[in-house]
Amino acid sequence: MDDTTLIAEDLLLLLLDDKSGTPAGAGTLHYTLGGALLVELALLGRVETGGDRPKLNGPQVLAIGDGPLPDPMPRRAYDKIAERPRNVQSLLLAIGGGLWKPLTDRLVERGLLRRESKRLLGVFNRTTLPIGDGRHEEELRRKVCAVLEDGAAADPRTAAVIALLSASGTLPSLHPRPRWSGEVYQRAKQFEEGDWGASAVHTVVVTTVT
């Protein structure tokens, strides 16, 4: 495994509380992580949306291109998409369900998280995921804050992370979060609305929690 992190890994690092390892937006996390894999594949040029008319559950997602993908996680997502065309919202759970464990395993393996077990009341075991080597996460936060607070230009991966944070409704729950303001909210929404994967996440999250 190389040192390149997936968008889903970067997103999860930001969502996790650095002390407890509890994620913001836990109830809809699988949709958010599924959206991150879709965006990853889109940036790699391996998926596109099809169909002339918008569908109730979002546009169809089609697998395109050939040749090996560099990482097994987007490779499995690509294979699922290649089985048959599906609407984007139905794909979020299909490729995002069950990602929590393998993603946290990868982050622990890289040293970006630590896995600790504690005994509560002498009976119950509780596993936490505090931050490990925090340099990568610190750089992620610096980039996100520079874009949202100062209006700096965003590279495609940072733009995708911001879009998904906005779409999942977790941006105000980050610890620490960007300095909150109307401008920060609007900048984040602009990234969300420009990304079909993030827009699908937003639709599903809103439907789930209302």
*When A153 is evaluated against the numbered criteria (1) loosely packed, with under 15 Cβ neighbours inside 10 Å; (2) under 20 Å from L38 (Cα atoms); (3) hydrophobic (A, V, I, L, M, F, W, C), which criterion, by number, is the only one it fails?*
(2)
*Quick one: A159 ticks every box in (1) among the small types (G, A, S); (2) at pLDDT 95 or above; (3) not in a helix (DSSP H, G or I) except a single one, so which number is it?*
(3)
*Which one of these is within 17 Å of the chain's Cα centre (by Cα), at pLDDT 90 or above and of a type in the set (G, A, S): A200, A154?*
A154
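How many of the residues in segment 127-150 are surrounded by 13 or more Cβ atoms within 10 Å (Cβ to Cβ) and of a type in the set (D, E)? Even if it seems obvious, please write down each step before you answer.
First, the residues of segment 127-150 that are surrounded by 13 or more Cβ atoms within 10 Å (Cβ to Cβ): 128-132, 134, 136-137, 140-141, 143-149.
Still in the running and of a type in the set (D, E): 137, 149.
Of the residues in that region, 2 qualify.
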*Is it fair to say R177 is basic (K, R), surrounded by fewer than 17 Cβ atoms within 10 Å (Cβ to Cβ) and free of Cβ contacts under 8 Å to residues at least 40 places away in the same chain?*
no
*So which residues in segment 81-121 are charged (D, E, K, R) and more than 14 Å from L33 (Cβ to Cβ), if there are any at all?*
E83, R84, R86, E109, R110, R114, R115, E116, K118, R119
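Yes/no per residue for (1) more than 20 Å from T5 (Cβ to Cβ); (2) among the small types (G, A, S):
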| residue | (1), (2) |
| --- | --- |
| R86 | yes, no |
| S90 | yes, yes |
| R110 | no, no |
| I131 | no, no |
| R141 | no, no |
| C145 | no, no |
| A163 | no, yes |
| A188 | yes, yes |
*Limited to segment 170-210, what total is found for residues that are over 20 Å from L91 (Cβ atoms) and not in a helix (DSSP H, G or I)?*
10
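Here is a list: R135, R126. Which entry is touching a strand residue (DSSP E or B) at 6+ places or on another chain (Cβ under 9 Å) and at negative phi?
Details: R135 fails: touching a strand residue (DSSP E or B) at 6+ places or on another chain (Cβ under 9 Å).
Just a single option satisfies the conditions, and that option is R126.
From L16, L12, L6, grab the single residue that is touching a Leu at 6+ places or on another chain (Cβ under 8 Å), at pLDDT 95 or above and within 17 Å of S173 (Cα to Cα). If you could, list the steps in order and put the result at the bottom.
Values: L16 fails: at pLDDT 95 or above; L6 fails: within 17 Å of S173 (Cα to Cα).
Going through L16, L12, L6 in turn, just one is touching a Leu at 6+ places or on another chain (Cβ under 8 Å), at pLDDT 95 or above and within 17 Å of S173 (Cα to Cα): L12.
The values are calculated or read from the model by the stated rules, or taken from the named source; none is laboratory data. Here the structure is a predicted model, which means the values were calculated and not measured. We place every Cβ from the backbone using ideal geometry, glycine too, and count neighbours over all the protein chains shown.
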